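Structure first, commentary second.
The values are calculated or read from the model by the stated rules, or taken from the named source; none is laboratory data. Quick caveat: nothing in here was measured; it's all calculated off a predicted structure. No Cβ is skipped: glycine too gets one built from the backbone with ideal geometry, and neighbour counts run over all protein chains shown. SASA here: full protein model, heavy atoms, side chains in, ligands and nucleic acids out. Shrake-Rupley method; radii C 1.70, N 1.55, O 1.52, S 1.80 Å.
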Amino acid sequence: MVHNAYDSFELLTNCPNKIDAIESYGSKLLIACSDGALRIYAPVSAISDKSPPSDYHNHGDQLRKEPYSLERTVNGFSKKPILSMKVLASRELLLSLSESIAFHRLPNLETIAVLTKAKGANVFDWDDKRGFLCFARQRRVCIFRHDGGRGFVEVKDFGVSDTVKSMSWCGENICLGIRKEYWILNSTNGALSQVFPSGRLAPPLVVSLPSGELLLGKDNIGVFVDQNGKHLQAEKICWSEAPSLVVIQKSYAISLLPRRIEIRSLRVPYSLIQAFVLQNVRHLIESNNAIIVALSNSVCALFPVPLGAQIVQLTASGNFEEALALCKLLPPEDSNLRAAKEGSIHIRYAHYLFDNGSYEEAMEHFLASQVDIIYVLSLYPSIVLPKTSLVPEPEKVIDISQDASYLSRGSSGLSDIMEPSPPIHLSDFDEHSALESKKMSHNTLMALIKYLQKRRFGIVEKATAEGTDEVVLDAVGDNYGPYDSNRFKKSNKGRGNIAINSGAREMAAILDTALLQALLLTGQTSAALELLKGLNYCDLKICEEILQKWNHYTALLELYKCNAMHREALKLLHQLVEESKSNQSKPELNPKFKPESIIEYLKPLCWTDPMLVLEFSMLVLESCPTQTIELLLSGNIPADLVNSYLKQHAPSMQGRYLELMLAMNENGISGNLQNEMVQIYLSEVLDWHAELNAQEKWDDKAYSPTRNKLLSALESISGYNPEALLKRLPADALYEERALLLGKMNQHELALSLYVHKVFCIKDQSACSFFFMHTNNVILCS
């Protein structure tokens, strides 16, 4: 037995005659006896009030858990034994089946109608919603409709193959148990469709369920079918013996077996909940608040144990699924109590599942309990969490046996089960030190990841909304009151100012920090990177230490990046690039980092932090000159600033930058930068001249690549200062450069003189051609 769902209480003994049929009406018992009399029994306390005998509802409309005494006897109520009775409470009628079917007005029991066509009927069923009665006699099935008052109208009369043993309405159809078969009868046209055989040992048994579906007996097995006779599920309810009667009340099936009454759950796997050993039980019916059990000369009732008490019992015995199912039966007005109970049971169940290795199921129940994630993360001591002012609320882990007034059972005899156990607090689980010492398995972490991902959307959404609200308050705060300097603390996460009492963001930080660790511990590096690339609240200090310790450098870069710590990210990236180039490259640096990685990182920063771009572009300028200069050219960095920075930190690359800039946009380069470029070319040529001159190898007709660039620039661009350049030229060399500069200064006679006396002492054809071309240009300019 799982728990006590019902308490047995003897209502009356020593009925003077054998009980043929029994019903309840309000708090009264209507007992049809073998002598044809109808005896009406009432609670002893009601009789002592000396109320009028006919006042059935004055003393409440439920059976009472107290002894019953005879209130009055209606002799000659029936000439022949009554087979069964049914109170039609919504119409204040009593239906009795004897030699025919009769209807009696309640409470005075006046006979208002007798269906003569029902003579010989052996079974009936009433559809209270539509006011339809069906009954079977011999090989006929008849349908009557109550049209109000005393009137009953015949609707249909169908023939069947044999005597009907059991019947029940199922929607607009009727399920019939005939011989050893079940059939569905269409009440409109009389069409019959076979369902399945009823079994070899027991007669057919048709039981209507509150859902409108049916439970059909097949010896000791109960099969669930829909209103058309189609099987609903593979699972079946199994009794210890074939039942003769089955009554459904809420979530239980109460069955009358030859030697006992069994109470089984209506939830798979239809467990046996409780059993009562009672001999010679003749009738088993449902009243409004109990199950009435009639023996030959006595009556007892099975009163449901209060749901709250059942829930406590089930939880204490570890039957959490049953306990949760019963929580859903709590009345709507107790919604808060229901939510509290369900939360507590989910938490207990989750701990049970976690301790027994069902980690994913455990997390589902933690999720359903809506307990704080801090509470769940306490099961993972190896995961480092940020310090927080938030603590798991003890009331969220309440003991389900609280609210003693609701759960009281009086004389149920289960006071030991009902003793309140101490509330569960987070500290109570310190006894599970084995969990703390046990290394976290892959499965436990995977379950945690799924739990955190399911909780994440709502928590991050609240954190984001909280931040938005603060921005709005900051924007209008000065208009509504003095500024509180203690309101904010500086965030170490690059997210601006975060309120000290930012509960949602604290919770988001705890969640994301734990989630990142769990992903890394299970080898889900790509998922960890996706977490960091999106909006996240990972604690910077904790995650930085962990990523450094575990050598997750790519994730560490993303951590820096999402917190706008670009300097730290670029330093790390440069370090990784250098280590990748070295022969002792760390094996965990996979994929290897390349200088291009720094350039890619710098691209978005050109618009937000140009000085940082300039600083770190110098580190890759030598190894990736073209890509670096293209970065500087394509960004939002002023050319004069780039040139100045290159001049100071990488003078050897200054000319290359200016060359590329000029090639991209000849008109876009300023005169100052043109002058800088020519000065750079001239400096290189002068150095080259000094070196060769010292070796006495200088030849003015020698042209290096840089000298060619200088000559081309002197001739093609106009933004430089020729006077300044002329002062730098040696007196005994670089005559061609001097001639070009003199030409730019409109001193054409001197320029031509230099060409004639110095430059064209070279007698080769190419020089002559150059001279005549240049002379023509000078004449045109003049």
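Pairs with C-alpha atoms separated by more than 21 Å, drawn from the list 28/86; 647/709; 250/328; 129/180; 86/119, are 129/180.
Karplus-based coupling profile of segment 524-532, in residue order and whole Hz: 8, 5, 5, 5, 5, 5, 4, 4, 6, with θ = phi - 60° in 6.51 cos²θ - 1.76 cosθ + 1.60 and x standing for Gly or Pro.
Distance from the C-alpha centroid of segment 544-558 to that of segment 9-26: 79 Å, rounded to the whole angstrom.
The order of 388, 628 by accessible area, most exposed first and with a 1.4 Å probe, is 388, 628.
Inverting the pair-averaged 1/r between distinct Cα atoms of segment 253-341 gives 14.6 Å as its Kirkwood hydrodynamic radius. Packing, taken as the mean count of other beta carbons within 10 Å per residue, orders the peptides 229-238, 102-111 from highest to lowest as 102-111, 229-238. Once backbone amide H atoms are built at 1.01 Å from N, residue 62 has 27 as its partners under 5 Å, excluding neighbours fewer than 5 places away on the same chain.
Peptide packing for 531-538, 696-703 was compared via the average number of neighbouring C-beta atoms within 10 Å per residue; ordered from the highest value, the list is 531-538, 696-703.
How do 18, 549 rank by accessible surface area computed with a 1.4 Å probe, from largest to smallest?
Result of the area sort, largest leading: 549, 18.
Backbone phi angles across segment 268-282, fed through the Karplus curve with coefficients 6.51, -1.76 and 1.60 (θ = phi - 60°), yield HN-Hα couplings of 4, x, 6, 5, 6, 8, 7, 9, 10, 8, 9, 9, 6, 6, 9 Hz in residue order; Gly and Pro are listed as x.
Computed from phi, the 3J(HN,Hα) profile of segment 89-102 under the Karplus parametrisation 6.51, -1.76, 1.60 (θ = phi - 60°) reads 4, 5, 10, 6, 10, 10, 9, 10, 10, 10, 6, 8, 9, 10 Hz, with x in place of Gly and Pro. For residue 535 and residue 453, the difference between the fully extended length at 0.36 nm per residue and the C-alpha to C-alpha distance is 28.2 nm.
Could you calculate the FRET efficiency of residue 66 with residue 112 from 1/(1 + (r/R0)^6), where r is the beta carbon distance between them and R0 is 35 Å, rounded to 0.05? The value I calculate is 0.60. Stretching residue 731 away from residue 442 to a fully extended chain increases their span by 95.9 nm, per 0.36 nm per residue minus the current alpha-carbon distance. Are there GluC sites (Glu not before Pro) in segment 505-603 that DSSP puts in a loop and that have at most 10 other Cβ atoms within 10 Å, and which ones? The qualifying sites are 588.
Cross-link pairs exceeding 24 Å between alpha carbons, from the set 549/592; 450/533; 80/218; 454/533; 156/236: 80/218; 156/236.
The stretch between residue 622 and residue 360, if pulled fully straight at 0.36 nm per residue, gains 88.9 nm over its current Cα-Cα span.
Rolling a 1.4 Å probe across all protein chains gives residue 328 an accessible area of roughly 120 Å².
Placing R0 at 30 angstrom, the Cβ-Cβ distance between residue 721 and residue 696 gives a FRET efficiency of 0.40 after rounding to 0.05.
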